[in-house]
Amino acid sequence: VPSLIPGGGLLPIPTPAPLQNVSLATVIILNRLPANLDPSSSVLAQPPLMGNVDPSKIDEIRRTVYVGNLNSQTTTAEQLLEFFKQVGDVKFVRMAGDETQPTRFAFVEFVEQESVARALTLNGVMFGDRPLKVNHSNNAIVKPPELTPQAAAKELENVMKRVREAQSTIAAAIEPGTIFGLPA
C-alpha cells in the first residue's frame, strides 16, 4: 500500500486549509483529563469486539480510534498525526473513505492504549470546519507487509543496480571532449 507511511500514514495531495478552533478547545478538553488515568475509570472501558477477531490484532484494535466527519478536500493524514500527538504518541494514521465525497474518515493507532481514552475526549471538537467524531475502532489498521531480510536485500540490490546504470549514463554524457555526449 504505497500511501501508508509508518508514523505518518497516508498523505493526501490537497493543500490543507488552516485548522480553526483546535488549539484552545483541545487545551481545555485535555486539561480535564489527568495525564495518568485511573484504569478502573469508565473512560477507559473498551467496548466488546464483534465477530471473529484475530487474537494477534486485539492489542492494535484497542490502541486505535476511528475518526469521522473529516473534510475530504482539506484534511490530511499529516494534520491528524499532529493533532492527535497531543494525546499520545501516534504509531500510524490511515485515511479512508471516498475522497470524492464531502466527508471521509480515518483510523489513528497510538503506541499506548491509554492514549485512546484521551483521544475519545476530542469527540465533537472542531477540526477545520467540522466537529470530529472520535470513537473506539473495531478494526486494526491494515499495514503493508514487512519485507523479509532476503526481500529487503534483493530490493536494495535492484535499486543500487539502477543507480549504477544512471551514474554510467551521466558519466558518458559529460565525458571530456564531448558536448552533450557527442564528439566536439
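The values are calculated or read from the model by the stated rules, or taken from the named source; none is laboratory data. This is a predicted model, so every value here is computed, not measured. With ideal geometry, Cβ positions are generated from the backbone for all residues, glycine too; neighbour counts draw on all protein chains shown. Ligands, DNA and RNA are stripped out before the accessible areas are found, and what is left, the full protein with its side chains, is counted by its heavy atoms. Shrake-Rupley method; radii C 1.70, N 1.55, O 1.52, S 1.80 Å.
Tabulated results
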| quantity | calculated |
| --- | --- |
| Links that overshoot a 28 Å alpha carbon limit, given the list 85/154; 85/143; 85/161 | 85/154; 85/161 |
| Between the range 95-124 and the range 138-158, the Cα center-to-center distance that results, in Å | 25 |
| Dipole of the range 89-153, positive direction: furthest Cα of 145, 110, 123, with charges on the beta-carbon | 123 |
| The range 55-136, relative contact order [Cα under 8 Å, separation at least 6], % | 40 |
| Rounded accessible area per residue of the range 49-91, 1.4 Å, Å² | 48 |
| Percent carbon-and-sulfur accessible area, the range 55-136, ignoring ligands, DNA and RNA, probe 1.4 Å | 46 |
| Ordering of 68-81, 148-161 by packing [mean C-beta count within 10 Å, highest first] | 68-81, 148-161 |
